[in-house]
Amino acid sequence: MKTLFLISSAIHTVHGVYSAEERLNQTIKTFESIKSKDPDARILLVESSSKESITDAESDLMKPYVEGILNFHPDQQVQDITKMSEKNWDVAKNLTELIVFGKALDFIIRQQPALLEGIDRVFKLSGRYILNENFNMAIHLDPKMQESYIFAVRRASQFPPQVTGGLTEQVMSRCWSWPTVKTAMIFFRYNVMIEHFIGMLSQQKYVDIEHLLLKYFSGPYTVEIPIIGVEGNLGPTGNLVKD
């Protein structure tokens, strides 16, 4: 059974404790961790640096690991959202990832469906994080999971419900997976999540990808596992987190 990993990435950013060089090296470790678990995995980098575009030299270092690099730095929506980051970096980061990931799915479905040929399961993995010793590919490829969205077990929201529009729980977005045949459904739901996010923003309320994922993917096809097997250092603080 074959897999495709979509890696959300931002090598060049003005926010956080890591330099572009450090973020690049961490992202290469992301690729290496995937290949250590599944040498035949396809990897597509979804890059949305806000500060400046990745360079040719940086691309050359990553190309041996990936099927392709989607560079969304020039995208007008990305540039418009970047202007928001001076006022609220977290909101800008969430909205950028939502929009860019939706565009990446649209690109795959409409322009590069060959990327999905022969693929049984698609993973979303955040760049700079690695699959650790607790990651179990067999869970994701189990025939019993062939219709399931797989997340790490949900967590309580860190915000009061009046802030999030009543959302009290969330699932982490660092690593999750879905059956390839449901990729068009993922694209549809991401567009709904974007509308929800923008609507909350217009009401001066807060929501993020983690809360929205649980809201729009919670249901009979969602499976939550205690440990999904991913770890890495948070960009803003450098703190190590594990799911």
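I need the Debye-formula profile for the stretch 111-157: one equal scatterer per C-alpha, no solvent, reported as log10 I(q)/I(0) at q = 0.18 1/Å, two decimals.
Summing over Cα pairs of the stretch 111-157 leads to -0.79.
Calculate the length of the line joining the C-alpha centroid of the stretch 199-215 to that of the stretch 1-75, in whole Å.
Value for the Cα centre distance between the two parts: 26 Å.
First check a/c for the stretch 149-239, with a ≥ b ≥ c the square roots of the eigenvalues of its C-alpha gyration tensor; if it is under 1.5, answer rounded, and if not, answer prolate when a/b is larger than b/c or oblate otherwise. Spell out each step's value before the answer.
Working: a/c = 1.64, a/b = 1.13, b/c = 1.45.
Cα axes put the stretch 149-239 in the oblate bin.
With the Cα gyration tensor of the stretch 101-210 in hand, give its eigenvalues times 5 under a square root as the equivalent ellipsoid semi-axes, listed largest first in whole angstrom.
Details: eigenvalues 146, 74, 28 Å².
After scaling each eigenvalue by five and taking roots: 27, 19, 12 Å.
Run the numbers for H15 and R110: contour at 0.36 nm per residue of separation, minus the present Cα-Cα distance, in nm.
Details: separation 95, 0.36 × 95 = 34.20 nm, distance 3.31 nm.
Full-extension gain reported as 30.9 nm.
Checking the table K29/K144; K51/K83; K83/K242 against a 22 Å threshold on Cα-Cα, which pairs fail?
Details: K29/K144 31 Å; K51/K83 10 Å; K83/K242 31 Å.
K29/K144; K83/K242, as the Cα separations exceed 22 Å there.
If you project the alpha carbons of the chain onto their three principal axes, what span does each projection cover, largest first, in Å?
Each principal axis gives a Cα extent; for the chain these are 45, 45, 37 Å.
Could you give the size of the charge dipole of the chain about its Cα centre, using +1 on the Cβ of each K and R and -1 on the Cβ of each D and E, expressed in debye and rounded to the nearest 20?
Working: 25 positive and 29 negative charges, 98 e Å.
With Lys and Arg at +1 and Asp and Glu at -1, about 480 debye.
According to the Cα gyration tensor, what semi-axes, each the square root of 5 times an eigenvalue, does the equivalent ellipsoid of the stretch 13-108 have, listed from largest to smallest in whole Å?
On the way: eigenvalues 114, 50, 30 Å².
They are 24, 16, 12 Å, listed from largest to smallest.
By Kyte-Doolittle mean hydropathy of at least -0.5 and Cα axial length of at least 27 Å, which whole DSSP H helices of the chain are selected?
Values: long enough: 89-110 (31 Å, 0.65); 183-202 (29 Å, 0.97).
The qualifying helices are 89-110, 183-202.
What is the packing order of peptides 225-231, 97-103, taking the mean over residues of other C-beta atoms within 10 Å and listing the highest first?
Details: 225-231: 17.6, 97-103: 21.6.
With the highest mean Cβ count within 10 Å placed first, the list reads 97-103, 225-231.
At 7 Å along Cα-to-Cβ for each site, give me the label-to-label distance between S36 and E133 in nm.
1.0
Rule-based calculations on the coordinates, nothing more; no lab input. Values in this document were obtained by computation on a predicted structure and should not be read as measured data. Here Cβ is always computed from backbone atoms with ideal geometry, including for glycine, and neighbour counts include all displayed protein chains.
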